[in-house]
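Report on the structure given below.
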Amino acid sequence: MATNISKLKNSKGAPPPAEDTSDVIATNTRDDDKAPTRPLQVRVAESVFAEFSEQAGREFGFTHGAKKQLFLKMWKAYKAQNM
């Protein structure tokens, strides 16, 4: 979010009122799963990593956690197919 500084031009005295922003705590979209987590590390070719990262970004947005979300989606599909 860009800060709007136009309100500060030619202002004298008190600063302008604060802008309303959404409550980021209330809009938390992270999983509420409290199960313990463990890291999963694999080594793949750089080209595979780049393709996977791009696909994760397309499906889940270019944000923190997109690759994890893509992996979990793939894992659920694998389990559904093989169980």
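Rule-based calculations on the coordinates, nothing more; no lab input. A quick note: this is a predicted structure, and the numbers were derived from the prediction, not measured. Cβ sites come from the backbone with ideal geometry, for glycine too, and all protein chains shown count toward neighbours.
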* Asked: Using a simple spin-label model with points 7 Å from Cα along the Cα→Cβ vector, what separation in nm is obtained for Q55 and K12?
  -> 6.4 nm
* Asked: Using θ = phi - 60° and the Karplus form 6.51 cos²θ - 1.76 cosθ + 1.60, what ³J(HN,Hα) does each residue of segment 58-65 get, whole Hz, x for Gly and Pro?
  -> 5, 7, 10, x, 7, 10, 4, x
